[in-house]
Amino acid sequence: MFKLTDRTFPSDVPYYIPCDFPLISETLKSRNLNVSYTLLLNLDLVALPVYLKDQELHTMDMEIWYANQLGYKGKFFTLASRYFDAFSSASRYLLHSLKGMKEPIICIGTTYHLPHSKDYLKKFGGHFLSVYGMDSSNTYVFDPVPHKYNGKVPLQNFEKFWEGATKENSDFFQGSFGIVEVNTNQTLPQQTPILYFNTLKTISYEFLKGDILNKEEGTYYYGRSCTAQLIKDLEESVSASPSTLEVVSKCLFDLRWSRYFLRDLLQELHHTYGNPYSTLIETLLKIIQQWELAYNRYNLDVLRNKVSVNNVLPIIQLIQNTYELELRFHEDLHYSHRAYHLLDRNQPENS
């Protein structure tokens, strides 16, 4: 039996962080790669707003992972899943890995069997958590999102969690007793402070450039083009079907995520390195507040009332004002990082 005793874990990871990124960050820290989950996420440019739509407004989506279409290398690690036929062999491997690598091990399972989850005995949700110890009675887990939990799980519950739900949730589970291996054959592309600055420059650069990519599934609008196109679609939504109005509402709701990720990155950089980002952060907080207000007004004035030009126009004007403020924000952000470089690409931009 074994337990890592010299580790502390973050206790208040925000709910909107994908549950595997804090786990990956803790694994990397065990290898002396002190990269926060906030920076790891932003290496994939999740702070860049992206809007996917087709011409008929049948498809409208704001998805944080669409930035991978731009060709940046993103994260400097790879992930691989490994599955076992039985709990006995899986737990032996788990203990061997804990003792040998001295790092938390990421495990795949279902929230249905986690006593600390709201899904307990209710929903076969797919989930990731890290194990940092195991004895004859308990497994010791770090489970930050959404559960904010760090502590014991009875061994019998952990076994059922780890077995997964291949029948009930076959879309998520590829097997039972799964482990996620973090491969770091690559080294950090730059020292961590420089990586922060290059990431911020890349986000602001791509926002201001505002790429529009036409693909078979629809058109991707990035950065400034994302908001500009959304304004046009809001104007058209006055005569749209109720189902389309619901999709527009979801897009307005999801627009906040990219701004949250950028806010977190700026605040972390400010707190960690003492750089003077207070003015930029203050402006971004105002931008976030206005996007949240636009979503709330759309729900109240459009979805819950009769759709009309008079209801939609004030929201469009609010978004237009936010758009102009956000443009100035990214111009300032880009100028303040003019001495740094863009993140590495898989291939040159003009190739």
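The values are calculated or read from the model by the stated rules, or taken from the named source; none is laboratory data. Just so it is clear, the model here is predicted, and its values are computed rather than measured. Glycine also receives a Cβ, built like all others from the backbone with ideal geometry; neighbour counts cover every protein chain displayed.
For Val131, the stated conditions hold: it is more than 30 Å from Lys53 (Cα to Cα), in contact with a Pro (Cβ under 8 Å, 6 or more places away or on another chain) and buried (at least 21 other Cβ atoms within 10 Å of the Cβ).
Examine the stretch 289-306 for a residue that is exposed (fewer than 15 other Cβ atoms within 10 Å of the Cβ), within 26 Å of the chain's Cα centre (by Cα), at pLDDT 95 or above and of a type in the set (D, E, K, R), and state whether such a residue exists. Within the stretch 289-306, not a single residue is exposed (fewer than 15 other Cβ atoms within 10 Å of the Cβ), within 26 Å of the chain's Cα centre (by Cα), at pLDDT 95 or above and of a type in the set (D, E, K, R).
All told, Ala294 falls short of being outside any helix (DSSP H, G or I) and farther than 20 Å from Ser241 by Cβ. Could you say whether any residue in the stretch 145-156 is crowded, with 17+ Cβ neighbours inside 10 Å and either in a helix (DSSP H, G or I) or modelled with pLDDT under 95 (or both)? Looking through the stretch 145-156, none of the residues is crowded, with 17+ Cβ neighbours inside 10 Å and either in a helix (DSSP H, G or I) or modelled with pLDDT under 95 (or both).
Among the residues of the stretch 332-341, how many are touching a helix residue (DSSP H, G or I) at 6+ places or on another chain (Cβ under 7 Å) and either exposed (fewer than 15 other Cβ atoms within 10 Å of the Cβ) or not in a loop (DSSP other than H, G, I, E, B) (or both)? Number of matching residues: 4. Applying the criterion of being at pLDDT 90 or above, of a type in the set (S, T, N, Q) and outside any helix (DSSP H, G or I) to the residues of the stretch 171-206, the residue that is farthest from Leu79 (Cα to Cα) is Ser176. Residues in the stretch 207-250 that are crowded, with 21+ Cβ neighbours inside 10 Å and assigned to a helix (DSSP H, G or I): Phe207, Cys226, Thr227, Leu230, Leu234, Ser237, Val248.
Okay, residues lined up against (1) in the same structural domain as Val153 (by TED's automatic domain parsing); (2) farther than 23 Å from Ser11 by Cα; (3) in contact with a His (Cβ under 7 Å, 6 or more places away or on another chain); (4) in contact (Cβ under 8 Å) with a residue 24 or more places away in the chain:
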| site | (1), (2), (3), (4) |
| --- | --- |
| Arg82 | yes, yes, no, yes |
| Cys107 | yes, no, no, yes |
| Thr110 | yes, no, yes, yes |
| Ser117 | yes, no, yes, yes |
| Lys122 | yes, yes, no, no |
| His127 | yes, no, no, yes |
| Ser136 | yes, yes, no, yes |
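Return yes or no: is Leu33 more than 26 Å from Glu326 (Cα to Cα), modelled with pLDDT under 90 and not assigned by TED's automatic domain parsing to the domain that holds Asn150? So Leu33 fits the description; yes.
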